[in-house]
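Participant: One structure is given below, represented as structure tokens, and several questions about it will come after.
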Amino acid sequence: MSERLIGASVPRLHDERLLRGDGHYVDDIDAIGALHVAFVRSPVAHGHVTRFDATAALRAGAALVLGPDDIARLTGPLPTIWRIPGQHLGEVELAAHTVRYVGQPIGLVVARDRASAEDAVELVEIEIDPLPQVIGIDAALADGAPLVYPEIGTNVAGEIHFGAPVEDVDKAVTDAPHVVERVFDVQRICHSPMEPHGLLAEWVPSVGSMTVWISTQVPHVVRTGVAAGLRLRADQVRVVAPDVGGAFGGKAVLSVDETLVCLAAKVVGGRVKWIEDRRENLTASYQGRGQRAHARLALDADGRFLALHTWIKGDLGAYPSQAGSGPFQVAGLTVEGPYRFELAAATVTAVYTNTVPTGAYRGYGMQESSWIRERLIDDAARELGLDPVELRLRNMISPRELPHTTHTFLTYDSGDYPEALRRAAELAGQRRKPSTGRIRRGVAVTSAVEVTGFAPSALLEMFAIDMAGWESARVRVNEDGTVTVFAGVISIGQGVETALAQIVAEQMGVPLDWVSVQLGDTATSPYSNLTSQASRSVTLAGGALMHAGERMRARMHALAAAHLGVAVEDVKLDGAVFRSSERETTWREVAHRGWMGWGRPDPDRIQLEEVVDFDPPAITFAHAAHGAAVAVDLDTGTVTVEDYWSVNDSGVLVNPRIADGQIVGGIAQGLGIALHEQVLFDDATGAPLTTTFADYHLPRSKDVPDVVVEHRVTPSAHNPGGFKGLGEGGTMLPPATVANAVANAVPEIAGSLTVTPLTPQRVWELLSDAGLAG
Amino acid sequence: MKPAVFEYQEPRSLGEAVAVLATPGRECVVLAGGQSLVPLLNLRRVRPRIVVDVNQVPELTGVHITDDVVRIGAMTRLRDIERHAGLRSALPVLPETAALVAYPQIRTRTTIGGSLCHADPAAELPTLAVALGARLLLRSARGDRIEDAESFFAPPGTSRRPDELLTEIELPRRQGFRFRFEEATRSGGFPLVGVCLGVRVDERGLVAEALVAAGGVAEHPVRLPAGERLLHGRDLAGNVDDVVSAVSAVLTPPTNTHATAGYRHALLRTLLRRAAAALATGGGN
Amino acid sequence: MAHKEITVTVNGVTSTRTVEPRTLLSDFLRHDLRLTGTHVGCEHGVCGSCTVLLDGAAVRACLVLAAQVDGHTVETVESLADEGRLCGAQRAVMEEHGLQCGFCTPGILMSMAAAERDEQTADEVVSTVLQGHVCRCTGYLGLRAAIERHFREREAAR
């Protein structure tokens, strides 16, 4: 095989099946005989549950009702992954005797179908002694605020500081000739995968085994959680992720709801199913973002960056979810981006509120930090009368300065940040359109680095993050010569199975269609902890498979050489045939002989399997520059993104077409954050106001322009394939880029563009305050 | 999100339908296109005892065009209105406004009568009905009754009584008028504010008669006679700021999750200005 | 409460089943007929994942009661491939990378199928067919390219 597969935009392996409607999502699994769950959820934001009476529901035919007492008796808590210093809650409790957000599961009903289960939920009688609730970060930090946990005497869950000592930064800011100071908000958002959460859990009492088919990003983490929550041994639990209809960080942990469904299966001793509906998904699933940052950028007269400080206050919601403050901490860690600062620091304060908890969301802190940094720089340029691209370039880390360690101790490995920014600026400059009448137009470019492949494992241990950075993969040549790849990362629609097959086929020198990829089953997949999140699937599993594929290729050649009685250097694989100068044998025959154990060159190795664990030496950093051209309607406040550009460097690309799809899809989500999406609560009651897609607005086709994606390739040295990740990168920059373009179009409101989403109403209010609106 | 239990009735004629609705003590809802009702059923925000599906009542569908009016059966679907060649020439603002409603895959089911009876205060067709001065034919076992669109929309819903069925909508053709429907939507295409402006222009190019209605600026779609009077005798190409201000002044729009009163005012002014400008430059129908 | 017997022709096969009045067409197709290609994404008509053809027109299966399709004809994504070969719309979506997780894809394909039966121009189809669909993964570029290409090719072939 001389054809290069790494770098080829081959069609995705699973597309045809999905296009036929033969996808196998969790609700598609034949669940004959399964019972169905509906949850009894809290109607209030805070209170003590004083009564939970299932009599009427059971009388009406419910198969099972579980309330807080049952749950407390039958379960243990779920372990958390990432905590913040001071955090008093180290575990997620399943039983809710005290409810702390509207929608929190208090109990559940099991019935013959979902509709009947919902009927029975209405018959469960609950009484709740209400307590005062607190909604929103500022309200939670106000003097005399109602406390989510009165026992700790504050709504502050914990705090951490990264980078230079705050006194040093304060002094630098005080002494600086120019300071830009702003408060920047990032709204709460909902992942809204088109397939909501769901699972089918089966308990077989006679053998004591639990099998869970679940729409998840993390089968092994689910296994750990189910075992902990149900007080089972890990070997009693098998978790299978079938096709997953999108995740975006929302399926990166096991939720309370999901654990309770497994509990229900165990109690009924059979199969129980729960498919989250959209209202539940929008109101009761862990959400993303939700932070307010007080940020200061100090510059000297030449526009050199002297100091950057951000104080990030993050909204944990009612309790720290497993990842909890992780995204806020990453926002603090990554705030420097691709620039040099004489001093930089971030303080992160995690805050409890009476709202549904937050956690991982595509872009994980890096969208939030980019929003802060790139908005500050843009406003600084405007105030100093400098070109914003020039100001960025003046402070940007050049390739000669790499590796570069930030004040928060991240070491950037490779890339050409200035070149990407210049190219994005060039693209944006070419397409600049004039303002017309009441339509103002503007362009902007921004830049960011992306943490990809969160590793090595020792680094995570150092940060006390309960995650494993390594990844493992297994390549097996089957007895007929076909190749099966087992990896711990999973497919959530991103196309990783295709990319992994490409890597293995190329490394082994076999056609792509000999290779199949098996993912997402704890019974067969290698252990994987972080799996498909943190822009790491190809970087980590691909890195492992670079080695595993190469080793398996070598073994097959050695077996062939032994069979042919020649030196291994004399064997060439030509299509399906191994040839030496005189004799030949087929790949299939060699595989067959291998499994028969015949003529093996290494007497101790028989199985045609290679397992490789890959724990890279360091994080590898991708980077990107984005550009946007917007039109602002001064009469309606509507912001239209007319053009969008991305110049991205994710190292070696395995499948450029899939890579483009990831970047464009990420940009679309970023545009949703920039302009459309926001979770809203009624401040007076804590009730969620965005309960359907009529209120929570996802970007539609008309909202996403024809994004142009260009690639630069700086291979990663931390990885045998030269890969860097790209799953999240697209999402990081659109809010800052769009807002900066709006600022460019309407400089009169630039300093007030501090809150996303920039909805027409919000922009109109800013225009109106500036005397510009109609 | 599954509906609560209900009983399903499927009358096959108008008489049968009205008889079902007349049964005393029954909590019925009428299922027309279902594109607003079924979501509400799924969310259990509406929980009828009986769903009366009138999709099988043949008398409720059809378009009749005379010199003065068009009469449209309440169960006529928006997709059929959009594509109706006769309507496109007899009353083009109707198919054009119908095409603004939701998405194509919704308009295959949505009916004009269902949209009017659902009476979302920002929806397009109620605003158009008010602008045109539509008359609605309501039938019950007690007899027929005709209601003007303006009085039909009575918050929190409509003046339709539980035993009544909207059977037909009569829309004056307003020959000699040109209409323009302008709307602002929120993300996702949901209507926020809509303005329908119709004018008949004299031989000097001045407005001889105007019709103005707006949705999304009150609890129900409203006719704006102040604007109509002020437009009289005006050249639409000129400044209409006073008209816009006068119209805006009489309204106190609601503030909710989707928009504040102030923003609704601003949209109303902008849309009215745009509608006037469009008609001044020969746009509209 | 009274159940209703319905007879419906789905993808050319006529079946008779008894349903609860509250059963949605989407659930009927998925759970009674085991045609799981029709996906349920929101159950309030906004996302478009459950779009099927009812008597040839694209509708939301989550906003139609199963009881209402008695005597009618329904087509789902499972009907599109012709003797095992992907139809033109499916091929175009695959070749233009118009899908990632694939959950919204069947609904979009059914809207494309409905548009194929309309007299609309390619321009009209391109500007309208995605109006009623949400895709969370792709950012729509591949979908637009697929729709554009598929309907331009059809127009050229006419």
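The values are calculated or read from the model by the stated rules, or taken from the named source; none is laboratory data. Small disclaimer: the values here were computed from a predicted structure and weren't measured. Reconstructed Cβ throughout: ideal geometry from the backbone, glycine too, with neighbour counts over all protein chains shown.
Participant: Taking the conditions exactly as written (surrounded by fewer than 20 Cβ atoms within 10 Å (Cβ to Cβ), more than 14 Å from chain C (Cβ to nearest Cβ) and in contact with an Asp or Glu (Cβ under 9 Å, 6 or more places away or on another chain)), does A:Thr714 satisfy them or not?
Facilitator: In short, no.
Participant: Among the residues of segment A:228-241, which ones are surrounded by fewer than 22 Cβ atoms within 10 Å (Cβ to Cβ) and within 14 Å of chain C (Cβ to nearest Cβ)?
Facilitator: None - no residue of segment A:228-241 is surrounded by fewer than 22 Cβ atoms within 10 Å (Cβ to Cβ) and within 14 Å of chain C (Cβ to nearest Cβ), so the list stays empty.
Participant: Starting from residues that are touching a strand residue (DSSP E or B) at 6+ places or on another chain (Cβ under 6 Å) and touching a residue at least 40 places away in the same chain (Cβ under 8 Å), keep the ones in segment B:18-36 and report whichever is farthest from the other protein chains (Cβ to nearest Cβ).
Facilitator: For segment B:18-36, the residue satisfying everything is B:Val18.
Participant: Somewhere in segment B:258-268, is a residue modelled with pLDDT of 95 or more, out of contact with any Pro (no Cβ under 6 Å at 6 or more places or on another chain), farther than 15 Å from B:Ala184 by Cα and crowded, with 20+ Cβ neighbours inside 10 Å?
Facilitator: Checked against the condition, which is being modelled with pLDDT of 95 or more, out of contact with any Pro (no Cβ under 6 Å at 6 or more places or on another chain), farther than 15 Å from B:Ala184 by Cα and crowded, with 20+ Cβ neighbours inside 10 Å, segment B:258-268 yields no hits at all.
Participant: Further, regarding this structure: Sort out for me the helices (runs of 4 or more DSSP H) sitting completely within segment B:167-285 that have 1 or more residues that are touching a His at 6+ places or on another chain (Cβ under 8 Å), small (Gly, Ala, Ser) and in contact (Cβ under 8 Å) with a residue 40 or more places away in the chain.
Facilitator: Output list is empty.
Participant: Follow-up. Select from segment B:66-94 the residues that are in contact (Cβ under 8 Å) with a residue 60 or more places away in the chain and among the hydrophobic types (A, V, I, L, M, F, W, C) and list them in ascending order.
Facilitator: B:Val69, B:Val70, B:Ile72, B:Ala74, B:Ala90, B:Leu91, B:Val93, B:Leu94
Participant: Does at least one position in segment B:79-91 carry a residue that is under 11 Å from the mean Cα position of the chain (by Cα) and either buried (at least 24 other Cβ atoms within 10 Å of the Cβ) or within 14 Å of chain C (Cβ to nearest Cβ) (or both)?
Facilitator: So the first thing to find is which residues in segment B:79-91 are under 11 Å from the mean Cα position of the chain (by Cα), and the list is none.
Within segment B:79-91 (the criterion being under 11 Å from the mean Cα position of the chain (by Cα) and either buried (at least 24 other Cβ atoms within 10 Å of the Cβ) or within 14 Å of chain C (Cβ to nearest Cβ) (or both)), the answer is no, since none of the residues qualifies.
Participant: Moving to a separate point now. Suppose the filter is more than 11 Å from chain A (Cβ to nearest Cβ) and either in contact with a Leu (Cβ under 9 Å, 6 or more places away or on another chain) or among the small types (Gly, Ala, Ser) (or both); does B:Leu268 pass it?
Facilitator: Answer is no for this residue.
Participant: Check segment A:508-517 and report whether any residue there is in a strand (DSSP E or B), in contact with a Leu (Cβ under 9 Å, 6 or more places away or on another chain) and among the hydroxyl-bearing types (Ser, Thr, Tyr).
Facilitator: For segment A:508-517, residues in a strand (DSSP E or B), in contact with a Leu (Cβ under 9 Å, 6 or more places away or on another chain) and among the hydroxyl-bearing types (Ser, Thr, Tyr): present.
Participant: Tell me whether segment B:163-179 contains one or more residues that are polar (S, T, N, Q) and either more than 15 Å from B:Gly284 (Cα to Cα) or buried (at least 20 other Cβ atoms within 10 Å of the Cβ) (or both).
Facilitator: Yes, the conditions are met somewhere in segment B:163-179.
Participant: Just checking, how many residues over segment A:377-429 are surrounded by 18 or more Cβ atoms within 10 Å (Cβ to Cβ), among the acidic types (Asp, Glu) and farther than 24 Å from A:Ser716 by Cα?
Facilitator: Within segment A:377-429, residues that are surrounded by 18 or more Cβ atoms within 10 Å (Cβ to Cβ), among the acidic types (Asp, Glu) and farther than 24 Å from A:Ser716 by Cα number 2.
Residues are listed down the side, and each one gets a yes or a no for (1) touching a strand residue (DSSP E or B) at 6+ places or on another chain (Cβ under 6 Å); (2) surrounded by fewer than 21 Cβ atoms within 10 Å (Cβ to Cβ); (3) within 14 Å of another protein chain (Cβ to nearest Cβ):
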| site | (1), (2), (3) |
| --- | --- |
| A:Val244 | no, no, yes |
| A:Phe248 | no, no, yes |
| A:Val253 | no, no, no |
| A:Lys273 | yes, no, yes |
| A:Arg278 | no, no, yes |
| A:Thr310 | yes, no, no |
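Participant: Further question: Going by what's in this entry, would A:Ala139 be described as under 35 Å from the mean Cα position of the chain (by Cα), surrounded by fewer than 17 Cβ atoms within 10 Å (Cβ to Cβ) and under 26 Å from A:Val44 (Cα atoms)?
Facilitator: yes
Participant: Considering only segment A:604-626, I want to know if a residue exists there that is among the hydrophobic types (A, V, I, L, M, F, W, C), at pLDDT 95 or above and more than 27 Å from A:Ser472 (Cβ to Cβ).
Facilitator: Within segment A:604-626, one or more residues are among the hydrophobic types (A, V, I, L, M, F, W, C), at pLDDT 95 or above and more than 27 Å from A:Ser472 (Cβ to Cβ).
Participant: Could you grab the pairs with beta carbons closer than 7 Å, sequence gap of 6+ or different chains, first residue in segment A:21-50 and of a type in the set (Lys, Arg), second one buried (at least 18 other Cβ atoms within 10 Å of the Cβ)?
Facilitator: Listed pairs, sorted by first residue: A:Arg41/A:Gly103; A:Arg41/A:Gln104; A:Arg41/A:Pro105; A:Arg41/A:Ile106; A:Arg41/A:Ala284.
Participant: Here's a check for you: in segment C:1-20, which residue that is buried (at least 19 other Cβ atoms within 10 Å of the Cβ) and closer than 25 Å to C:Cys104 by Cβ is farthest from the other protein chains (Cβ to nearest Cβ)?
Facilitator: Top of the filtered list is C:Val8.
Participant: Are any residues in segment A:696-710 in a loop (DSSP other than H, G, I, E, B), touching a residue at least 40 places away in the same chain (Cβ under 8 Å) and within 8 Å of chain B (Cβ to nearest Cβ), and if so, which ones?
Facilitator: Listed by number, the list holds a single entry, A:Leu698.
Participant: Taking the options A:Val630, A:Val612, A:Val641, A:Val647, name whichever one is in contact with a Pro (Cβ under 6 Å, 6 or more places away or on another chain), part of a strand (DSSP E or B) and of a type outside the set (Ser, Thr, Tyr).
Facilitator: Matching residue, one of A:Val630, A:Val612, A:Val641, A:Val647: A:Val641.
Participant: Still on this structure, please answer the following. What number of residues within segment A:679-690 are buried (at least 21 other Cβ atoms within 10 Å of the Cβ) and either within 14 Å of chain B (Cβ to nearest Cβ) or closer than 29 Å to A:Val496 by Cα (or both)?
Facilitator: 3
Participant: Another question, if that's okay. Restrict the check to segment C:120-129 and report whether at least one residue is under 23 Å from A:Pro11 (Cβ atoms) and in contact with a Gly (Cβ under 9 Å, 6 or more places away or on another chain).
Facilitator: No, every residue in segment C:120-129 fails to be under 23 Å from A:Pro11 (Cβ atoms) and in contact with a Gly (Cβ under 9 Å, 6 or more places away or on another chain).
Quick grid of which residues meet (1) out of contact with any strand residue (DSSP E or B) (no Cβ under 8 Å at 6 or more places or on another chain); (2) small (Gly, Ala, Ser); (3) closer than 25 Å to A:Leu13 by Cβ:
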site	(1), (2), (3)
A:Ala591	no, yes, yes
A:Leu608	no, no, yes
A:Ile619	no, no, no
A:Gly627	no, yes, no
A:Asn648	no, no, yes
A:Arg657	yes, no, yes
A:Ala694	yes, yes, no
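Participant: Has segment A:189-197 got at least one residue that is without any contact (Cβ under 8 Å) to a residue 12 or more places away in the chain and either small (Gly, Ala, Ser) or under 30 Å from A:Arg296 (Cβ atoms) (or both)?
Facilitator: No; the residues of segment A:189-197 include none that is without any contact (Cβ under 8 Å) to a residue 12 or more places away in the chain and either small (Gly, Ala, Ser) or under 30 Å from A:Arg296 (Cβ atoms) (or both).
Participant: Would you tally the residues in segment A:445-495 being of a type in the set (A, V, I, L, M, F, W, C) and assigned to a loop (DSSP other than H, G, I, E, B)?
Facilitator: 11
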